[in-house]
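Asker: Dropping a structure here in C-alpha cells format, bear with me for questions.
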Protein chains: 2
Amino acid sequence: MEIIQITGYKNSGKTTMAEKLIHALAAEGFRVASLKHHGHGGTPDGFEDTDSARHHEAGAFISGVQGEGLLQLAARPTWELEQMTAIYQQLGTDILVVEGFKKHAYKKIVLIRREEDLHLLKELTNIVAVITRPTLNAADYPFLVFSQAEMDRCIEWLLAHFSH
Amino acid sequence: MEIIQITGYKNSGKTTMAEKLIHALAAEGFRVASLKHHGHGGTPDGFEDTDSARHHEAGAFISGVQGEGLLQLAARPTWELEQMTAIYQQLGTDILVVEGFKKHAYKKIVLIRREEDLHLLKELTNIVAVITRPTLNAADYPFLVFSQAEMDRCIEWLLAHFSH
C-alpha cells in the first residue's frame, strides 16, 4: 500500500486536493481509501453511543459499533496513525490518501496559502511537492513546486508516480 | 482471537451480559474488545462528516475520520462482519465480545426473555449457552441452560472456558 499525505493549514485547500486526487486515482482503477484528522481536537460529531461507552468502562480496549456502512471504533487510550494505516492495508487498499497528520513522515504534498505558512516547508519531512498561493522560486526547494492554479498538473504528476 | 456472540431480542439483557463478561475477562488479564450492531438500521447517531462523504463520492472505497480516541470508517458498499473481525484480530485482541449479528455462526450465548423468543434456539447456530427467563428443561437442549438469575454463573463458566 502506498500512503500520500495532503497537509497544510486550515483553508489551504486540502479537502479539494484530496477529493481531486481520490477521483483521479479511482478513475485509474486503484483501490483508493482516505483518512482525515478531525480538526480542533474532540471527537467527530455525535458519537454518543452509550452502550459502547459502557463496554469501554467495563474494560474493552476497543469498543465498536456498526450500522449500515459505518463502523465507529473507540480505542483506549487513543489511536496511533500506524494502527489505522495497518487497518487500511489489511482491507486491501492500494493507495491511502491521508488528509492532515502533518507531523508524520509519509510522503506528503503541502498546501501553502499564506507567506506565514512557509515555515512548514522547513519543518515537515518527506515533502514531495508543494502547491502554493505565494509565488515561490522552484530552484530554492528540493521538491516540486506547483502554483495554486496548477493543482491539476500536480495530480497528473502524482498519477504518473503511482502508475509506475 | 476468540469470538463470542451475545445475542437475543431487544431488552433481553444483551448489553448487561456483554458488560459483565467484558469486565470479568479484562479482570483476568485478557485484551478484550467489543463490537455491537447498531439497532434498527441506519447509521450510528450523528455521523455527518461532510468531507468524508466527499471522499466517498470521489471514489474512496473506505473513508475515515479520526478524532482523539474515535475512528469512524465508512465503507462502500457496506461492512462485512468478517472484515471487522479481521481488524480486531490485527489490533491484538484476545477475545472479541460481539453483541448482536445473531445470524452469524460464531459461538454464541442466547438471551431469552419471553416464550415467543424460544424459536431462536432452533434457528441460531453454534449456541453454547442460553440465559432464559422462561423456565426450560435443560435436558431438552444440547447446550448449557442458565436462568436469568444465574447470569453470573454463566460468566464464570465462560471464564473457565476461555482460560483453557
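Just so you know, all these numbers are worked out from the coordinates, no wet-lab data involved. Quick caveat, the model's predicted, so the values are computed rather than measured. Cβ coordinates were reconstructed from backbone atoms using ideal geometry, including for glycine residues, and neighbour counts include every protein chain displayed.
Asker: Angle check, please: helix A:81-90 long axis (alpha carbons) against the longest principal axis of chain A (alpha carbons), in degrees 0 to 90, nearest 10.
Answerer: In chain A, helix A:81-90 runs at an angle near 80 degrees to the longest axis.
Asker: Per residue Cα convex hull volume for the stretch B:1-158, in cubic angstrom?
Answerer: Roughly 128 Å³ of hull volume per residue.
Asker: What is the distance, in nm, between label points placed 7 Å from the Cα along the Cα-to-Cβ direction at A:Trp157 and at A:Thr78?
Answerer: Inter-label distance under the simple model: 3.3 nm.
Asker: Summarise the partner chain shielding of B:71-84 as one whole number: the mean count of Cβ atoms from other chains within 10 Å of each residue's Cβ.
Answerer: That works out to 6 on average.
Asker: Continuing with the same structure: Other chains near A:94-104: what is the mean number of their Cβ atoms within 10 Å of each residue's Cβ?
Answerer: Whole-number average of other-chain Cβ neighbours for A:94-104 is 2.
Asker: Starting with the highest mean, order B:94-106, A:123-135 by the number of other Cβ atoms within 10 Å, averaged over the residues of each peptide.
Answerer: B:94-106, A:123-135
Asker: Given 37 °C and 0.692 mPa s, compute D for the protein assembly as shown with the Stokes-Einstein relation, Rh being the Kirkwood radius over Cα pairs; round to the nearest whole µm²/s.
Answerer: Stokes-Einstein gives a translational diffusion coefficient of 151 µm²/s.
Asker: To continue, here is another question. Return the distance in nm (one decimal) between the two label points of a simple spin-label model at A:Asp140 and B:Ala27, each offset 7 Å from Cα along Cα→Cβ.
Answerer: Reported label-point gap for A:Asp140 and B:Ala27 is 6.5 nm.
Asker: Calculate how many DSSP beta bridges within the stretch A:12-164 are antiparallel, expressed in % of all such bridges and rounded to the nearest 5.
Answerer: 30
Asker: For helix A:14-27, report the angle its Cα long axis makes with the longest principal axis of the Cα atoms of chain A; keep it between 0 and 90° and round to the nearest 10°.
Answerer: The helix A:14-27 is inclined about 90 degrees to chain A.
Asker: Let me ask something else. I need the per residue convex hull volume for the stretch B:105-164, using only the alpha carbons, in cubic angstrom as a whole number.
Answerer: Output value, Cα hull per residue: 79 Å³.
Asker: Also: When only Cα pairs under 8 Å and 6 or more residues apart are kept, what is the percent relative contact order across chain B?
Answerer: Here the relative contact order equals 31 percent.
Asker: Using a 7 Å offset from Cα along the direction of the beta-carbon, what are the separations from A:Gly29 to the same position in each other copy, nm, ascending?
Answerer: Nearest first, the other copies' label points are 5.2 nm away.
Asker: Another one. Name the long-range amide H neighbours of B:Thr93: under 5 Å, sequence gap of 5 or more, or other chain; modelled H, no Pro or chain starts.
Answerer: Here the answer is none, since no amide H 5 or more places off falls under 5 Å of that of B:Thr93.
Asker: Ok, one more. Could you compute the net charge surrounding A:Ala86? Neighbours are other residues with a C-beta less than 15 Å from the C-beta of A:Ala86; K and R count +1, D and E count -1.
Answerer: Here the charged neighbours net out to -3.
Asker: Beta carbons within 10 angstrom, averaged per residue: use that to sort the peptides A:21-27, A:152-158, highest first.
Answerer: Peptide ranking by packing, descending: A:21-27, A:152-158.
Asker: Other chains' Cβ within 10 Å of A:87-93 residues: what's the mean?
Answerer: Partner Cβ neighbours, averaged per residue: 5.
Asker: Okay, moving on. Can you give me the angle between helix A:151-162 and the longest principal axis of chain A, using Cα atoms only, in degrees from 0 to 90, rounded to the nearest 10?
Answerer: 70
Asker: On a 25 Å Cα-Cα criterion, which of the cross-link pairs A:Lys14/A:Lys107; A:Lys36/B:Lys14; A:Lys20/A:Lys108; B:Lys20/B:Lys107; A:Lys36/B:Lys102 come out too long?
Answerer: Checking Cα-Cα distances, A:Lys36/B:Lys14; A:Lys36/B:Lys102 exceed 25 Å.
Asker: Let me ask something additional. Considering only DSSP beta bridges whose two residues both sit in the protein assembly as shown, what percent are antiparallel, to the nearest 5?
Answerer: Taking every DSSP beta bridge within the protein assembly as shown, about 25 percent pair in antiparallel fashion.
Asker: What gaps in nm, shortest first, separate A:Ala138 from its twins in the other copies when you place the label 7 Å past Cα toward the beta carbon?
Answerer: 8.0
Asker: Given the DSSP H assignment, sum -39500 (n - 2.57) over each helix run of at least 4 residues in chain A and divide by its residue total; what's the result at 222 nm in deg cm²/dmol, nearest 500?
Answerer: The per-residue figure over chain A is -8500 deg cm²/dmol.
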